[in-house]
Structure formats: C-alpha cells, structure tokens
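Remarks on the structure that follows.
The values are calculated or read from the model by the stated rules, or taken from the named source; none is laboratory data. Model, not experiment: these values are computed from the prediction. Neighbour counts are summed over all protein chains in view; Cβ atoms, including those assigned to glycine, are modelled from backbone coordinates with ideal geometry. For the accessible areas, the whole protein counts, side chains as well, though only heavy atoms, and no ligand, DNA or RNA atoms are used. Shrake-Rupley method; radii C 1.70, N 1.55, O 1.52, S 1.80 Å.
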Amino acid sequence: MAIRVQAEDFDVGAEYAAFTAGRTGVGGVAMFVGLVRDIAGGEAVSAMTLEHYPGMTEKQLEAIEMEARRRWPLDDVLVIHRHGRLEPGDRIVMVATASAHRDAAFESCRFLMDWLKTKAPFWKLEATPEGERWVEAKESDDAAAARWAGQGD
Amino acid sequence: MKILYFAWLRSKIGVPTETVELPAEVATAGDLVEWLKTRSPRHAEALANSKVVKVAVNQEHVPYDHPISPTDEVALFPPVTGG
C-alpha cells in the first residue's frame, strides 16, 4: 500500500518498476496519469495551484484504497497526488493497480480516480489571462463516482 | 473549537483557520455554518450558498445534521476538484 501526497514530480517509469518488482503473481497493471492542460473552458491556463487539507487528504486516500481492495482482488495499489504550483504538461496524479487479472486492474484504477476526484480534499486554482479562478466541481465527476454506488457491495 | 477553511472559502473569509467559542445552541454542522454567517459580512458572503459549502468533522466528510462538539476539528470547504 502506498499513498503519497507531495509537491515533487514523480518518474512514471521508476514508479512502475518499483511497483512491479518481485511480483510474479501479477497478471496486469493498470495505470492512470493525470496532467495539467493548457486550456480549460476555452481559456488559456498558464499555471495551476493545487491546495489540499494535510491529514485529511492522506486519510481519505487510504479509505478510498481500502474500498478498492474490498471490491477487487488487488495485489497492490499506488496513489501519488501532487500539490503546489504546476504548469501545463506537468503530472498531477498517478494511480496504479496490480492484479492477477486485467478486469480488476482496469476497473479498480478507474474507481480510484472517480472516487478520488469527489472525496479527496484537493482544490485547483487556475491562472488564466483573465486572472486566477478556482476550478468548480463538475457534475460529470459526481456522476462518474455515483456509478460505483451499489456495485461490489 | 478550531475551524479550518480551504480554497475560495479561505480567500473570501480571509483567514485559513480560526478558533471560536461555540454557543450552546450550535449542535450540528449545519447549525455551525448558520452561526458562522453571523460573525462578519465576509463570513456571510462566503457561506451564503450552503449547497456548495462542505463540512468535514475530524477529517471525515459529514452531512449537515452531523453533531459537533468543542473538541472536534471542523473544516469548511467548497466541493473538491483534485485529480
């Protein structure tokens, strides 16, 4: 189990190598990496600052991981989420799941991202030519998280 | 009671955290949001739309009818947008 909340960047290849090292029972790893986009709502974004709630963030991410492990047979889970100032093209988040079977890896990876987006206390502040603005929560994110309700119970 | 504010709630209220003496009639998270609105015009404006004000008690998301006590750590924030 690994949950990391950090300002520093991470190396996807090195993380993958460490995640799979010595795990001969794993049949598949699903990975998602989220990046900062240079455009949002039709406006150019020059930077994004991620604020979080230290303490609660780690606690919520651990709870989300526990829920994923309850629903799918997973060998391991990795969640890395950055905070602080990021620029377009920068990595924000990485989720990796390892399982004997690909369906469990794919589904749990998507589940972790969907729940993370609606439950982990992170907020994005975008810098645009019009000034800074806080990113509003999307109904589509709530809908994506709600899709998992009642499944796997 | 210690209260923490995040994201635009923090910028609108102007402080990241404050310690308040809780009146006896404030028993739930919802009561607290209503009572905080009376503290200043900045609080009133920031908390005007309670639909977008989320509450966490001791670092867990809670509904507005959740009970609170003076030793709790209470955080108020807008809907989360990470990932």
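Figures for the structure shown
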item	result
Stretch gain in nm, segment A:ASP142-A:ALA14, where the contour uses 0.36 nm per residue and the Cα spacing is subtracted	42.9 nm
Net charge of Cβ neighbours under 9 Å - reference A:LEU35; Lys, Arg +1; Asp, Glu -1	+1
With all protein chains modelled, accessible area of A:MET48 [1.4 Å, Å²]	10
Cα centroid separation - the range A:6-82 against the range B:1-78, whole Å	30
Cα gyration tensor shape for the range A:82-153, rounded if a/c is under 1.5, else prolate or oblate	oblate
³J(HN,Hα), Karplus 6.51/-1.76/1.60, whole Hz, each residue of the range B:57-71, x for Gly, Pro	10, 6, 6, 10, 4, 9, x, 5, 8, 5, x, 10, 9, x, 8
Spin-label pair B:GLU18/A:PHE106, simplified geometry with 7 Å Cα→Cβ offset, distance in nm	5.1
Per-selection metrics, the range A:2-144 (Cα): Rg and Dmax in Å	15.7, 52
Taking the C-alpha atoms of the range B:2-77, convex hull volume expressed per residue in Å³	78
Heavy atoms of A:VAL29 accessible to a 1.4 Å probe, total area in Å² rounded to 10	50
Solvent exposure ordering (accessible area, 1.4 Å, most first) of A:TRP134, A:TRP148	A:TRP134, A:TRP148
With all protein chains modelled, accessible area of A:ASP75 [1.4 Å, Å²]	70
Flagged links, alpha-carbon separation over 19 Å, of A:LYS138/B:LYS12; A:LYS59/A:LYS117; A:LYS138/B:LYS37; B:LYS2/B:LYS54; A:LYS117/B:LYS2	A:LYS138/B:LYS12; A:LYS138/B:LYS37; A:LYS117/B:LYS2
GNM top mover of B:PRO70, B:PRO16, B:PRO41 - chain B, alpha-carbon springs below 10 Å	B:PRO41
Counting DSSP beta bridges with both ends in the range A:2-144, the antiparallel % (nearest 5)	85
Set of aspartates and glutamates near A:LYS119 by C-alpha distance (under 17 Å), chain-local residues within fewer than 8 positions excluded	A:GLU51, A:GLU58, A:GLU62, A:GLU65, A:GLU67, A:GLU136, A:GLU139, A:ASP141, A:ASP142, B:GLU60
